[in-house]
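Report on the structure given below.
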Amino acid sequence: LYNYHKFYGPLKMPYTKYKCPDGNLVDIKDCLSKCRLQGVKNEEGELWVPANRCMGLQALRNISEQRTWTGKPSTTQLLKGTREVYLELTNNYHISPKDSVFMLFGTGVHGELEGHVNTENGEVAEIRLEDDYSTGAFDYYTPENGGTLMDHKTYGSYKAAHTLGYYMEKVETDYIYKSGAKKGQHKTVNILRKDGVHLRFDLGVQLNDYRMKIESTLGLPVNNMCCQILVRDGNTHIATQRGITEPSYLVPINKISDIWVERYMRKKSQDLIYALENNVMPPPCRHRECWGGRKCKDYCNVWQFCDKGRKIHESN
C-alpha cells in the first residue's frame, strides 16, 4: 500500500490495465500503442477484433484519463462507499473499456452543453469549488427563478425509472386461463405505477453539497435544484416496459438541511483520509452504497481486494 497523506503531493487513481475481449489484461499504455489482439482468432476461428481494435483509439484514450488525487476527496467520491474509494486509491486495478463507455456519454454531454452557457446573463458552468472537506464541480447555474442549479446525468432506463419512482405492478384481469397449467387462474397485466419510492439520495446529497459550495464560495443564491436525466436506452422496448417513454426527464431535487449535509460529507471525508493516512481498511460499504450487493457482483472494479466482494463472487 502507498501512503496517500495529503501533503505528499498529487497521485492518480491507479487503474493501470484494460481487460481485453478475450479476458486477458494488458497495460493501458501498451494497448494505446498497439492492440495485442490484431490478427488473433478465437476458438471459433473468428477474429477477436475485426477492425484491429475493440474500440477506437480516441475512445480508449478518453477512458484512460483519471482524476488526480490531491489529498482532498471530491463530492462524487464521497457518495461512494468509503471502502470502495479507499481500494481504488491504494491498488492498481483493471477496467473493461467497453463496460466504461458510459464515461464517454457523460463527457460528451457536458462538453456539448458547456458551449451553450450565456455568461452575460450571469450563467456559470463547470467550475470546481471546494470547502475544507471536499471539492466539487457543478454542471450549470443560472440566475433564473431566483437561482437554479442543474446537474446532468446519463442514466439507463432501469436507474431512470427508480429515480422517478416508476414501477410495474401485476394486476389481475377478468379473463381466465381455460387450459394449461394455469387453467382457472385469472390472467394478469402489467400496469405502470408512478407512486414508488424516489431513489434520489445521491442526487440530493450531491446537488445540496454543490448548492452550499456555490452559496458560500461564489455568494450566489440557489433556490431551485434539478437534474436533467438523459436516458441512454430511451425509445427501446425495455425502456418502455419500465415506463420510460421519454428520452429525457427534468427532475426536481429538494433542499436538505445544511447541517445534515455538512455532517454527512465531513464524516465521509474524515473516514477516507484517516484510512489512507493509516493504511486501515474501512468497513464494508453500506447496503445502499453497494446496491444490496449488486454493485459488488457486477459493477465494482476493486471487488477482488475486498473480502465482502470476494465472498459474493464465490457464491455466484
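The values are calculated or read from the model by the stated rules, or taken from the named source; none is laboratory data. If you're wondering where the values come from, they're calculated on a predicted model, not measured in any experiment. When we count neighbours, we look across all protein chains shown, and the Cβ atoms used for this are built from the backbone with ideal geometry, even at glycine. When the accessible area is computed, the model is the full protein with side chains, heavy atoms only, and any ligands, DNA or RNA have been set aside. Shrake-Rupley method; radii C 1.70, N 1.55, O 1.52, S 1.80 Å.
Some observations on this one:
- In this structure, the pairs whose alpha-carbon distance is over 20 Å, taken from Lys80/Lys295; Lys267/Lys308; Lys98/Lys295; Lys80/Lys153; Lys170/Lys297, are Lys267/Lys308; Lys170/Lys297.
- The 1.4 Å probe gives accessible areas that order Ser33, Ser257, Ser74, largest first, as Ser33, Ser257, Ser74.
- Taking Asp99, Asp271 and ordering them by how much accessible surface each has at a 1.4 Å probe, largest first, produces Asp99, Asp271.
- Only protein heavy atoms count here; under a 1.4 Å probe, Leu230 has an accessible surface of about 50 Å².
- Annotation note: chymotrypsin sites (Phe, Trp or Tyr not before Pro) in region 138-240 located in DSSP loop regions with a Cβ neighbour count of at most 16 within 10 Å are Tyr177.
- Rounded to 5, the percent of DSSP beta bridges in the chain classed as antiparallel: 70
- Sparse-neighbourhood loop sites, trypsin sites (Lys or Arg not before Pro) in region 206-297 - DSSP loop, at most 14 other Cβ within 10 angstrom: Lys255, Arg286, Arg288
- Rounded Å value of the spacing that divides the Cα centres of region 240-261 and region 132-197: 10
- Interchain or long-range residues, amide H under 5 Å from Tyr15's placed H: Tyr93
- Based on every Cα atom in the chain, Rg and the maximum pairwise Cα distance Dmax equal 22.8, 75 Å.
- Amide H contacts under 5 Å for Tyr140, placed H, 5+ residues apart: Glu126, Met150
- Stretching Glu123 away from Met103 to a fully extended chain increases their span by 4.7 nm, per 0.36 nm per residue minus the current alpha-carbon distance.
- Met103 accessible area, assembled protein chains, probe 1.4 Å, Å²: 50
- Between region 270-316 and region 47-65, the alpha-carbon center distance in angstrom: 29
- The convex hull around the C-alpha trace of region 21-103, projected and averaged over every direction, spans 6.8 square nanometres.
- Globularity index of region 94-249, i.e. its alpha-carbon radius of gyration over 2.2 N^0.38 Å: 1.41
- Isolated cysteines of the chain, defined as having no other cysteine beta carbon under 4.7 Å away, are Cys20, Cys31, Cys35, Cys54, Cys226, Cys227, Cys296, Cys300, Cys306.
- Cα-projected label distance for Thr188 with Thr245, points at 7 Å along beta-carbon direction, nm: 2.3
- Structure-based [θ]222 nm, the chain - -39500 (n - 2.57) summed over DSSP H runs of at least 4, per residue, nearest 500: -9000 deg cm²/dmol
- Heavy atoms of Thr217 accessible to a 1.4 Å probe, total area in Å² rounded to 10: 70
- Å² per residue, accessible surface of the chain at 1.4 Å: 58
- Short-range pairs are left out: with C-alpha atoms under 8 Å and at least six residues apart, the relative contact order of the chain is 19 percent.
- Span-like helix criteria (full DSSP H runs; alpha carbon extent of at least 24 Å along the helix axis; mean Kyte-Doolittle hydropathy of at least -1.0) are satisfied in the chain by 258-278.
- For region 228-316, the equivalent ellipsoid derived from the Cα gyration tensor has semi-axes of 32, 24, 10 Å, listed largest first.
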